[in-house]
Structure formats: C-alpha cells, structure tokens
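The values are calculated or read from the model by the stated rules, or taken from the named source; none is laboratory data. The shown structure was predicted, so the numbers you read here are calculated from the model rather than taken from an experiment. Here the Cβ positions follow ideal geometry from the backbone for every residue, glycine too, while neighbour counts run over all protein chains shown. Just so you know, the surface numbers come from the protein's heavy atoms only, side chains and all, with ligands and any DNA or RNA stripped out. Shrake-Rupley method; radii C 1.70, N 1.55, O 1.52, S 1.80 Å.
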Amino acid sequence: MNTNTDETLDTVGPRLKHLRLRRDITLTQLAAETGISTSTLSRLESGLRRPTLEQLLPLAQYYGVTLDSLVDAPHTADPRVDLRPLACRDGSVIIPLTRRPGGIQAYKFVLPTGNDDAHPELRSHEGYDWAYVLNGTLRLVLGDQDLLLQAGEAAEFDTRIPHWFGATSAGPVEFLSLVGRQGERAHVRTSTD
C-alpha cells in the first residue's frame, strides 16, 4: 500500500468512534445492529485493525453515511455533481440532493440549536424557494414576518424577498429546500377523492 492509502485508513478508526459517540451507543449495541463483533469494532475504532469492505458497508448503512465519508476519500468530481454534505463553520450541514444542472435544486439542511435573540442577516436573490420541515422548529424570517414552522409544515416564497433560515433555542432543525429559478415553482397536486 502507498503512503496516502495508509494515511486514509488510519483516519477511519477515529471517524467510526466519533460517529458512535455522536449516536450515544455502546460497542455492544453497535455490534447487535451491524453483526460485527464488539472486539472487532473496538479494534477498528482504536486503529488496531484495518477495515474491510464487508465491515464498512454495514457501518455506513447503520450511520446513514457514504463509504466515501467513512474513509474521507478525496473529492474527485465537479462540486456541482459531487453530492457530499457540506459542513459549515456555524455547525450547519448542507446536503445536496440533486445532480442535474438547471431546474429546481433540492437540498437538505441540518441547522444546530439557535439563539432566539439573534438578529438574522436577511439575504435575497433571484429564484423561488419551497421549504419543508422534517424535524424540529424552523425559524423563517421573511421580509417583516418572523415565522416558526414545525415538523410537517412548509413555506413557499419568492427569494427576492429578504429572508433567513435558522433553528430556535428549542433544538436543531432539519428541513428540505427546493430552489428554482425565478418563475419556476414546485407543482403541488391534490386528489379530489
């Protein structure tokens, strides 16, 4: 193996341990979920054992991450096509969900717990946005309106209106955002049955 491969594999253990601790689960619980023995998981996390594909696949599936993110593979694709999550300085994560250029683009946002007293910095741009809250409470400042959207609620607006998204002090928030060019809107169909 070359030096780059060795360095890449050496970082897998700490990454696996970080993912497990973030989930607040024990090695025994993880072993029961993945079918990998507790001792093997311990050796993988401590770097005493090199991971195999047969071990990484169930771990990636359990944590809901890609194999690339587990091994921190280098970016090789155009960033408009590479659908890796983007971690931001404020602790938020943006996950692109679409690949096609042009048209409506879909993103999943995960925002950390916010500060209810924060004065948001509103921005505007060409386009149209449709936001749907998956978990938590989304604070949407839209022009002079300050809205709180709960899980299952959606907002649709012209992005030329100054706007800002954030989480509340109640906890983090996850939401989907569909952004299209000006005049391009999400089409909602309802059944008459």
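Any residue in the range 111-125 that is within 24 Å of Ala87 (Cβ to Cβ), in contact with an Asp or Glu (Cβ under 7 Å, 6 or more places away or on another chain), assigned to a strand (DSSP E or B) and in contact (Cβ under 8 Å) with a residue 12 or more places away in the chain?
Looking for residues that are within 24 Å of Ala87 (Cβ to Cβ), in contact with an Asp or Glu (Cβ under 7 Å, 6 or more places away or on another chain), assigned to a strand (DSSP E or B) and in contact (Cβ under 8 Å) with a residue 12 or more places away in the chain, one finds none in the range 111-125, hence no.
Filter the range 126-152 down to the residues that are closer than 14 Å to Leu178 by Cα and either open to solvent by 80 Å² or more (accessible area, probe 1.4 Å) or part of a strand (DSSP E or B) (or both) and list them by number.
The first filter runs over the range 126-152 and keeps only residues closer than 14 Å to Leu178 by Cα, leaving 126-134.
Passing the criteria: Glu126, Tyr128, Asp129, Trp130, Ala131, Tyr132, Val133, Leu134.
Does Thr137 qualify as being polar (S, T, N, Q) and at pLDDT below 95?
no
When the range 46-56 is examined, which residues are found to be over 17 Å from Leu67 (Cβ atoms) and of a type outside the set (Ser, Thr, Tyr)?
So the first thing to find is which residues in the range 46-56 are over 17 Å from Leu67 (Cβ atoms), and the list is 46-49.
Correct list: Gly47, Leu48, Arg49.
Each row is one residue, and each column tells you yes or no for (1) modelled with pLDDT of 90 or more; (2) in contact with a Phe, Trp or Tyr (Cβ under 8 Å, 6 or more places away or on another chain); (3) not aromatic (Phe, Trp, Tyr).
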{"residue": "Leu83", "(1), (2), (3)": "no, no, yes"}
{"residue": "His125", "(1), (2), (3)": "no, no, yes"}
{"residue": "Tyr132", "(1), (2), (3)": "yes, yes, no"}
{"residue": "Phe157", "(1), (2), (3)": "yes, yes, no"}
{"residue": "Gln182", "(1), (2), (3)": "no, yes, yes"}
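Anything in the range 22-36 that is in a loop (DSSP other than H, G, I, E, B), within 22 Å of the chain's Cα centre (by Cα) and either modelled with pLDDT of 95 or more or not β-branched (Val, Ile, Thr) (or both)? List them, or say none. Give the derivation first.
The initial filter retains those residues of the range 22-36 that are in a loop (DSSP other than H, G, I, E, B), namely 24-26, 35-36.
Then keep just the ones that are within 22 Å of the chain's Cα centre (by Cα); that gives 24-25.
Of everything in the range 22-36, just one residue is in a loop (DSSP other than H, G, I, E, B), within 22 Å of the chain's Cα centre (by Cα) and either modelled with pLDDT of 95 or more or not β-branched (Val, Ile, Thr) (or both), namely Asp24.
Would you mind telling me which numbered condition in (1) under 24 Å from Ser69 (Cα atoms); (2) exposed (fewer than 15 other Cβ atoms within 10 Å of the Cβ); (3) touching a strand residue (DSSP E or B) at 6+ places or on another chain (Cβ under 6 Å); (4) of a type in the set (A, V, I, L, M, F, W, C) Val110 fails?
(2)
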